[in-house]
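Each remark here refers to the structure printed beneath this line.
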Amino acid sequence: ITTLLEIQSMRMIFIALFAMFLTPLNAKELTVILTSNSDNPTMIARLFTPYLIKELPGYNRVTFRVVPGAGGLNAANHIYTIAPRDGDTIGLLYKNVPLIGAVNRQDTNIKFDASQFFWLGSLVDGRKDASILISNKPYDNDITAGSDNNVIANPINFIQKYTNMKLKKITGYKEPNDVRLAMIRNEVNVIATSLFSTIVYDKEWITKYHVLVQFGNGRNRHPMLADVPTLNEMITDREAIEALTVVENQFALIRSYIAPPGIPVDRSTALRLAFERASMNTSFIEESRRLGVEISPILHEEAQAIVRKTYSTPERILNIIK
């Protein structure tokens, strides 16, 4: 005969076992691959991930792993070739990585096909912003433009090749912030940046400096820059405009999230749903805005379509982008 004490003891054991499975030690862990410890995308990723975790049933722990180098290419290689394909690992991708991969498919250092990544979406659609070429002095024929090491898809290349503007490009800076500092120190005169981030971080630049060109959204001029020509307007070569359109499409992919290809269907569905819900969380949007980032998410269908279209770009157009 089971005594009352034995029943109570069994109940306590059952409760303890049940509680054990609810503790963080037994919860699933999400690993997020980052490309840097300290840049702006990393800051937003660390802000966004807790909201993402809340939308993933069974997860309440996260580990950030930094795979630095090569402008985000090392991280992309890692996610594609090394990261486990169980749905427990995702990564943050820089917007130019898919285009770099498409243009350099024969490069043995490129070990990924970005069209095969499992895309969750992008937190920022940069086409709603305006990318700008801003100068610390009025334009003349002796003006220098700074560029980081990822020179592919740089609007400065299009300006040099297909417009009458004369720019001397100085490369070798490791990150965009290094180029920004170079202009402040007068090492270079011109940088490519975004209108919104300039307003947030360097608001006096808009009145103190000179916006020479805007780009990122075809011929659509930003309302704040109605008198500034778009790069698309300045170019007359038809194939160059086609190439520029491919480049500008990548602006939709700012702060993109991906998972390795071939993850289980149930995990893929859960990740995409979690990204959609978390990216539209009003608290996350408000927190991001206070940090100077305007959230305008695009979801996985559009992100995946943009990347697939990039990889189907004719070789003659990719050669222009090079």
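The values are calculated or read from the model by the stated rules, or taken from the named source; none is laboratory data. Quantities reported herein were computed from a predicted structural model and do not represent experimental measurements. Cβ placement follows ideal geometry from the backbone for every residue including glycine, while neighbour counts extend to all protein chains displayed. The protein model used for the area step is the full one, side chains on, heavy atoms only, and it has no ligands, DNA or RNA in it. Shrake-Rupley method; radii C 1.70, N 1.55, O 1.52, S 1.80 Å.
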Among D129, D148, D227, which one moves the most in a GNM of the chain with springs linking Cα atoms closer than 10 Å?
-> D227
Distant-in-sequence amide H partners of V211 (H built 1.01 Å from N, under 5 Å) = S135
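In what order, largest first, do T31, T108 sit by accessible area if the probe radius is 1.4 Å? Spell out each step's value before the answer.
Working: T31 30, T108 110 Å².
Result of the area sort, largest leading: T108, T31.
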Using Cα atoms only, what is the angle between the long axis of helix 300-311 and the major principal axis of the chain, expressed in degrees (0 to 90) to the nearest 10?
-> 50 degrees
Longest principal axis of the chain (C-alpha) makes with the long axis of helix 265-279 (C-alpha) an angle, in degrees to the nearest 10, of 60 degrees
Expressed to two decimals, the stretch 136-232 has a Cα Rg over Rh, using the Kirkwood radius, of 0.92
Determine the per residue accessible area of the chain with all protein chains present and a 1.4 angstrom probe, expressed in square angstrom.
-> 49 Å²
Taking just the C-alpha trace of the stretch 65-104, give me its Rg and Dmax in Å.
-> 10.3, 30
Considering only L271, L47, L93, give the residue with the highest GNM mean-square fluctuation for the chain, with springs between Cα atoms whenever their separation is below 10 Å.
-> L47
Rounded accessible area of R85 (nearest 10 Å², 1.4 Å probe) = 110 Å²
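Output the direction-averaged projected area (hull surface divided by four) of the convex hull of the alpha-carbon atoms of the stretch 204-322, in nm². Let's see the in-between values first.
Working: hull surface 40.8 nm².
Dividing the Cα hull surface by four gives the mean projection, 10.2 nm².
Note down the magnitude of the dipole of the stretch 72-159 about its Cα centre, charges +1 on Lys and Arg C-beta and -1 on Asp and Glu C-beta and zero elsewhere, to the nearest 20 debye.
On the way: 7 positive and 9 negative charges, 27 e Å.
Dipole size: approximately 120 debye.
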Per-residue accessible area for S312 at 1.4 Å probe radius, Å² rounded to 10?
-> 80 Å²
Rounded tilt (10° steps) of 40-54 against the dominant C-alpha axis of the chain | 30 degrees
Calculated FRET efficiency, K137 and D266, Cβ-Cβ r, R0 45 Å, to nearest 0.05?
-> 0.20
Quick one: which residues, 5+ away or cross-chain, put their amide H under 5 Å from the amide H of L120? H built at 1.01 Å from N.
-> Y257, I258, A259
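Would you mind telling me the antiparallel percentage of the DSSP bridges in the chain, rounded to 5?
Details: 20 of 37 bridges.
Counting DSSP beta bridges with both partners in the chain, the antiparallel share is about 55 percent.
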Kirkwood Rh and Cα Rg combined as Rg over Rh, evaluated for the stretch 29-159 | 1.03
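Measure up K166/K203; K208/K322; K111/K168; K137/K161; K128/K168; K28/K111 against 31 Å on the Cα-Cα distance and list the ones that go over.
Details: K166/K203 27 Å; K208/K322 33 Å; K111/K168 33 Å; K137/K161 22 Å; K128/K168 29 Å; K28/K111 29 Å.
From K166/K203; K208/K322; K111/K168; K137/K161; K128/K168; K28/K111, over 31 Å: K208/K322; K111/K168.
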Any idea how far apart Q160 and R85 come out in nm if each label point goes 7 Å out from Cα toward Cβ?
-> 4.0 nm
The chain - percent of accessible surface contributed by carbon and sulfur, probe 1.4 Å | 55 percent
Two-decimal ratio, the stretch 95-180, of alpha-carbon radius of gyration to 2.2 N^0.38 Å | 1.30
Using a simple spin-label model with points 7 Å from Cα along the Cα→Cβ vector, what separation in nm is obtained for K174 and Q116?
-> 3.2 nm
Shape box of the stretch 142-295 [Cα atoms, principal axes, largest first, Å] = 57, 37, 33
What are the extents of the Cα atoms of the chain along their three principal axes, listed from largest to smallest and rounded to whole Å?
-> 99, 43, 31
